[in-house]
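The values are calculated or read from the model by the stated rules, or taken from the named source; none is laboratory data. All figures in this text were calculated on a predicted structure; none of them were measured in a lab. All Cβ positions, even for glycine, are placed from backbone atoms using ideal geometry, and neighbour counts span all protein chains on display. Note: accessible area is taken over every heavy atom of the protein model, side chains too, but ligands, DNA and RNA are not part of it. Shrake-Rupley method; radii C 1.70, N 1.55, O 1.52, S 1.80 Å.
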Amino acid sequence: MDALVAQLQMQYRNYTASLYQQGFLDDQFTELKKLQDDASPDFVAEVLSLFFEDCVKLIGNMARALDQTGTVDFSQVGASVHQLKGSSSSVGAKRVKGLCVTFKEYCEANNYEGCVRCLQQIDIEYKALKTKLQDMFNLEKQIVQAGGKVPQVDN
Amino acid sequence: MGMAAEPQFHVLAVDDSLFDRKLIERLLQKASCQVTTVDSGYKALEFLGLREGVESNDPDAVSTSPEIHQEVEVNLIITDYCMPGMTGYDLLKKVKESSAFKNMPVVIMSSENVPARISRCLEEGAEEFFLKPVRLADLNKLKPLMMKTKLKKQKLEEIEKTSKDENGTVAAVEPEVKILPLQSELEPKQVHLQVVQEEQTLSSNKRKSMEEGLSTDRSRPRFEGITTAV
């Protein structure tokens, strides 16, 4: 049992560390984990779930706003980008946040192609992050089920 | 650190984003604060018993007269800047303009680092301006501030109560009362009042002077009907 736990824990450590290294997550994610405790044991999962819901909603708004045949209301697009930038920043979703920064600049420059490109990239990026985090949570579950404790992995 | 400390401070958090509300709520709980979250400046004013320009005696208002608000004691307001309708800045102004809450500490949060915005808020009386994402370390900075305001309020209430008891009328309370030097400012005032329950005053003053490090003997002569200004 212990060997299994140790192995899972190592896997978990490596996996989580790689998420930071590859720029999926930044230290704000670490801050989020600090807020999780016995009183709020699922806090990180809950917040991430809210974040991904936000992604779906806001990306939908942006797509609709960019889909206007005729004049595109870039300020409308920008408003959604601003919101997504805020929540991705609060969650530590580094790549998504970075894309939002670029996206915002394109909005301000009324650059249609730039906006469409960014939108596509953000869509890909948030989904990739979601999958990665799913894998991470699964590892956590396995560790707990094997009787072990989830190791603390920071940046 | 296993003991859950009893929440000492009640914070009213204002943010139009559900996501941000959830975050700030958890942050504040983790910092051992009691939290109430609302999603707009209007709701915040309602919660405080203030409404748009009305320190309300309006029977239709959600809360009633300003005195009632003391039952929901709030030690700090933390608000997002960018909100539809009433911005955090507007809320700040309304709070500072009210007589009931002008001393309430208000903290503004924003995801944007705009120096002009920051100085405007600070000039209007905001205690602090936090850039989002807000962190635990930021909130821990607020504790001494909330403690000071809470103590000050308690002290003012104490003075009012003591003056009322002894004289039947409320003595004038200095708005600029400080906490630590307060003892020495208080004593002359109590001396001038007709002290009916001298012993009570004596013992309470004894306690105070002991806290100040003075001997009780020295303090006693002061309060045997001698009304010398100290």
Where residues in the range B:106-121 are without any contact (Cβ under 8 Å) to a residue 60 or more places away in the chain and either among the aliphatic types (A, V, I, L, M) or touching a Ser or Thr at 6+ places or on another chain (Cβ under 8 Å) (or both), which of them is surrounded by the most Cβ atoms within 10 Å (Cβ to Cβ)?
-> B:108
Enumerate the helices (runs of 4 or more DSSP H) found wholly within the range B:83-143, keeping only those where 2 or more residues are within 18 Å of residue B:31 (Cα to Cα) and within 14 Å of chain A (Cβ to nearest Cβ).
-> B:136-140
Taking into account only those residues within the range A:141-155 that are under 27 Å from residue A:53 (Cβ atoms) and part of a loop (DSSP other than H, G, I, E, B), which is most open to solvent (accessible area, probe 1.4 Å)?
-> A:155
When residues of the range B:126-155 are limited to those that are aliphatic (A, V, I, L, M) and open to solvent by 50 Å² or more (accessible area, probe 1.4 Å), the one nearest to residue B:17 (Cα to Cα) | B:131
Pairs only if they're at least six apart or on different chains, beta carbon under 8 angstrom, first in the range A:12-39 and away from chain B (no Cβ under 14 Å), second in a loop (DSSP other than H, G, I, E, B) and open to solvent by less than 20 Å² (accessible area, probe 1.4 Å); list them, first residue then second.
-> A:12/A:151; A:12/A:153; A:13/A:151; A:13/A:153; A:16/A:153; A:17/A:153
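What about residue A:68, is it within 10 Å of chain B (Cβ to nearest Cβ) and either open to solvent by 20 Å² or more (accessible area, probe 1.4 Å) or at pLDDT below 95 (or both)? Show your work before the answer.
Details: within 10 Å of chain B (Cβ to nearest Cβ): no; either open to solvent by 20 Å² or more (accessible area, probe 1.4 Å) or at pLDDT below 95 (or both): yes.
The answer is no for residue A:68.
Filter the range A:93-140 for residues that are touching a Ser or Thr at 6+ places or on another chain (Cβ under 7 Å) and within 14 Å of chain B (Cβ to nearest Cβ); which is most open to solvent (accessible area, probe 1.4 Å)?
Our first condition is that a residue be touching a Ser or Thr at 6+ places or on another chain (Cβ under 7 Å); within the range A:93-140, this holds for A:96-97, A:100, A:118, A:136.
Okay, now just the ones that are also within 14 Å of chain B (Cβ to nearest Cβ), so A:96-97, A:100.
Values: A:96: 2, A:97: 70, A:100: 0 Å².
Top of the filtered list is A:97.
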Within the range A:74-86, is even one residue of a type outside the set (Gly, Ala, Ser), touching a helix residue (DSSP H, G or I) at 6+ places or on another chain (Cβ under 8 Å), farther than 16 Å from residue A:29 by Cα and not in a helix (DSSP H, G or I)?
-> no
Quick check: is even one residue across the range A:76-89 within 14 Å of chain B (Cβ to nearest Cβ), open to solvent by less than 30 Å² (accessible area, probe 1.4 Å) and at positive phi?
-> no
